[in-house]
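The values are calculated or read from the model by the stated rules, or taken from the named source; none is laboratory data. Small disclaimer: the values here were computed from a predicted structure and weren't measured. Every residue, glycine as well, gets a Cβ built from its backbone with ideal geometry; the counts of neighbours run over all protein chains shown. Ligands, DNA and RNA are stripped out before the accessible areas are found, and what is left, the full protein with its side chains, is counted by its heavy atoms. Shrake-Rupley method; radii C 1.70, N 1.55, O 1.52, S 1.80 Å.
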Amino acid sequence: MNDKQKKPQKLKARLPRGFVDRTAGDIRAVNEMTAKIREVYEHYGFDPLETPLFEYTDALGKFLPDSDRPNEGVFSLQDDDEQWMSLRYDLTAPLARHVAENFNEIQLPYRTYRAGYVFRNEKPGPGRFRQFMQFDADTVGAPGVQADAEMCMMMADTLEALGIKRGDYLIRINNRKVLDGVLEAIGLGGDDKAGQRLNVLRAIDKLDKFGPEGVALLLGSGRKDESGDFTKGAGLDQAQIDKVLFFVGITDYAESAARLAELVAGTSKGSEGVDELNFIGALVTSAGYGPDRIKIDPSVVRGLEYYTGPVYEAELTFDVTNEKGEKVVFGSVGGGGRYDGLVSRFMGQPVPATGFSIGVSRLMTALKNLGKLGASEVIEPVLVTVMDGDVEAMGRYQRMTQELRAAGIRAEMFQGNWKKFGNQLKYADRRGCPVAIIQGGDERATSVVQIKDLIEGKRLSGEIEDNASWREARVAQETAPEADLVAKVKEILAAQAEDRKRAGSGFETPYDPAQAGDTDDDV
């Protein structure tokens, strides 16, 4: 019998499916982008708010995308008081809970913005993750559609602040009341038609993907895809299909407004929605936002069922190359709308609200494609090398490091195995350190340091061919008194910055498009 204990198995390092690790480049790119978004929101008079990652499940459930799966799609756990809690699915439902819970203390209209991660318990896939970041702005307590118009203008200003020029984006607006009026006009009004109406909405939402022909099939008997899978349709007849396709096919609202008004005539919601669209159009035009920036577009549906009025979407109109090498339009990076019923369900009284959400990861991918993000310089730390390990020497190295930091220079003292000096310079090279500080026993005895320009040294090693060239070049290493350390390092860093400026280049932060994030930007 073998009594020898089995060797314990080594734990396998593995990342959960649908989640990603964020590198320094990713984090800096997000910080750069969100800082610009935040500045626009603050200029519009919005204030920050932060809600927890967890909410009680009943505060989220009903308003998930599919009403027939109210408690699916979220990551949930049971608290010690046996109440179910879920990781937040979006940033809007937590805002509704916060407003209702603090209704007597907050000032209406309540204008707030939030940035944070949301979680979807769904099957992950390429570009679709279970955790991703959104950046929302909302106005609660403003019943007039001028609040919706302002949201659309703020979306346009935000995209331009991020460097997306006019012609490369479009804010598209529709109104769910108009769509409800169209559905009522074709005989789909009433509670008994709720399921069929939902199927129509889902079909319309596929317009960009399948085109009018594919949507017509989904509105009718159904559609079979290339794999042979069949999706059952909404069951409309041809006359009903034609009216829906006319509505979503409107490309020039001004030309079609009269016919649209005629289509929804006799439906109170539809007529009200047309009036609201006209009002929003007049407001944004008066403020100088033409149809090249903000456009009324009846094909905009938005996925969630809780929208009650205007809906809007921010779309990037430039081409990118997808993973198959095909040129495609980049598409939506965010959107939102009016959701007057979301806060009201906590309150038992009407509380109007409107807002939009930016999909941070997707927008970051777009900005990378345009070269608008990650070009800012990130200077790696100056490396103070370690030649001796005694207390007195270590004290000097640490003091030098702190002096550099106090002067606003990024710096670190080498913390690895200091006995192999060559490894320290290899570390500096791999890290991209601009300068190395060297002080051995001889230098310490005379209170001097060797300052090595690693960027210039690397260039010189590849370019210098003779002694004359060496004499003309900037010296790659020099000796300086300890007292002059900070000034000399600043001088070298300034010269390196000037070299980069002349070369017209900055440091490009690394970025992996595969980590683009979820494309679902629902509010």
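So the values come out like this:
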{"item": "Residues within the range 206-232 that are at pLDDT below 90 and crowded, with 18+ Cβ neighbours inside 10 Å, tallied", "result": "1"}
{"item": "Matching residues, the range 381-408, being farther than 18 Å from VAL448 by Cα and crowded, with 19+ Cβ neighbours inside 10 Å", "result": "PRO381"}
{"item": "The range 259-280: number of residues that are on the phi > 0 side of the Ramachandran plot and either open to solvent by less than 30 Å² (accessible area, probe 1.4 Å) or part of a helix (DSSP H, G or I) (or both)", "result": "0"}
{"item": "Members of the range 208-265 found to be over 25 Å from ILE294 (Cβ atoms) and among the polar types (S, T, N, Q), listed by number", "result": "SER221, SER227, THR231, GLN238, GLN240"}
{"item": "Subset of the range 179-217 [free of Cβ contacts under 8 Å to residues at least 60 places away in the same chain and outside any helix (DSSP H, G or I)]", "result": "ILE186, GLY187, LEU188, GLY190, LYS206"}
{"item": "Count of the range 151-198 residues which are within 26 Å of the chain's Cα centre (by Cα) and not polar (S, T, N, Q)", "result": "23"}
{"item": "Selection from the range 267-287 of residues that are within 15 Å of ALA149 (Cβ to Cβ), out of contact with any Asp or Glu (no Cβ under 9 Å at 6 or more places or on another chain) and among the charged types (D, E, K, R)", "result": "ASP275"}
{"item": "Residue selected from the range 39-84 under the condition open to solvent by less than 90 Å² (accessible area, probe 1.4 Å) and part of a helix (DSSP H, G or I), by the criterion modelled with the lowest pLDDT", "result": "PHE63"}
{"item": "Single residue of TYR289, TYR312, TYR306 found to be in contact (Cβ under 8 Å) with a residue 24 or more places away in the chain, within 18 Å of LEU159 (Cβ to Cβ) and open to solvent by 10 Å² or more (accessible area, probe 1.4 Å)", "result": "TYR289"}
{"item": "Unmet criterion (only one of (1) free of Cβ contacts under 8 Å to residues at least 60 places away in the same chain; (2) surrounded by fewer than 23 Cβ atoms within 10 Å (Cβ to Cβ)) for VAL378", "result": "(1)"}
{"item": "Residues satisfying the stated conditions in the range 120-155, i.e. open to solvent by less than 10 Å² (accessible area, probe 1.4 Å) and over 30 Å from ALA287 (Cβ atoms)", "result": "ARG120, PHE132"}
{"item": "Of all residues making up the range 103-137, the number that are in a loop (DSSP other than H, G, I, E, B) and touching a strand residue (DSSP E or B) at 6+ places or on another chain (Cβ under 9 Å)", "result": "7"}
{"item": "Residues that are out of contact with any strand residue (DSSP E or B) (no Cβ under 7 Å at 6 or more places or on another chain) and among the β-branched types (Val, Ile, Thr), drawn from the range 138-163", "result": "THR158"}
